[in-house]
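The values are calculated or read from the model by the stated rules, or taken from the named source; none is laboratory data. Remember, it's a predicted structure, so these values are computed and weren't measured experimentally. Using ideal geometry, Cβ is built from the backbone for each residue, glycine included, and neighbour counts are taken over all protein chains shown. Remember, those area values only see protein heavy atoms, side chains included, never the ligands or the DNA or RNA. Shrake-Rupley method; radii C 1.70, N 1.55, O 1.52, S 1.80 Å.
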Amino acid sequence: MSSLQNALRTATAALIAAMAWTRDALQSVYRTVRRVVVRCVRVGQGQTVAAWETMTRLLRGPGRRFVTGPVRVFLLGRRTDVSLLVLLIAPVLALASAWWVGSTVGYETLAALTRGTWTGTNPSMAIFIAASGLLLLGGISAGINSGLLPTYGLVSAPIFGAAVTRYGTTVTYSWGTEVVSLPDAVGIGLLIAFSLGLPLALGGFVLGRLLRRVVTVLGGRSGPTSPVDHS
């Protein structure tokens, strides 16, 4: 009986010792992890503050000049009044395009000509002329005032006006025929204006910037180069 008691006392002591060792080990690991986390948080806070101060200095200095300079000119144009005028002209072009398509060829004919030109099965010179005219219109806008957004609005407005003439027409689907509603016509018109107007606007923008650069270089070279030439 005494031997059993001794074994129980030994096992209990060993268990208590193991629990105490485990507690001490967990406390040691907790203190180590806590020190590491606190140090990382302090370092991260310092890096965040330094990065914020650097970004603030950039935004107040070169970054602000870049955003209010080249970026603003690239997106909105050199002169705000000219950009606003372009945006006011865009709805007029959309209405004129819608009136012309609705009173002459009609949406179905226009869609067939565009589809045949795109696929190459029935190319139409009128579609090529219209696309070239929009490209030239975008080039003029970009050459005079830059501004990708006003140029895009100017080029896509006639496309939107022509596409909206889909309103009231009858289209055939796999489940039957349906008359195009106004929301459907406006939604499809916006989609077509975006998909077709964006590449034309980008092409016109690049063309206008190149032409402006050529005119600037040639104009600088054609000026007086010496007092003798000026006299």
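S2 meets each of the listed conditions (1) modelled with pLDDT under 75; (2) surrounded by 10 or more Cβ atoms within 10 Å (Cβ to Cβ); (3) over 30 Å from G143 (Cβ atoms) apart from (2). Scanning the range 165-208 for residues that are out of contact with any strand residue (DSSP E or B) (no Cβ under 8 Å at 6 or more places or on another chain), open to solvent by less than 80 Å² (accessible area, probe 1.4 Å) and either more than 26 Å from S97 (Cα to Cα) or of a type in the set (V, I, T) (or both) returns T165, Y173, G176, V186, I188, I192. Taken together, L154, L148, L137 contain a single residue that is within 15 Å of V82 (Cβ to Cβ), open to solvent by 40 Å² or more (accessible area, probe 1.4 Å) and touching a helix residue (DSSP H, G or I) at 6+ places or on another chain (Cβ under 7 Å), which is L137.
Residues that are touching a Pro at 6+ places or on another chain (Cβ under 6 Å) and among the β-branched types (V, I, T) do occur in the range 115-127.
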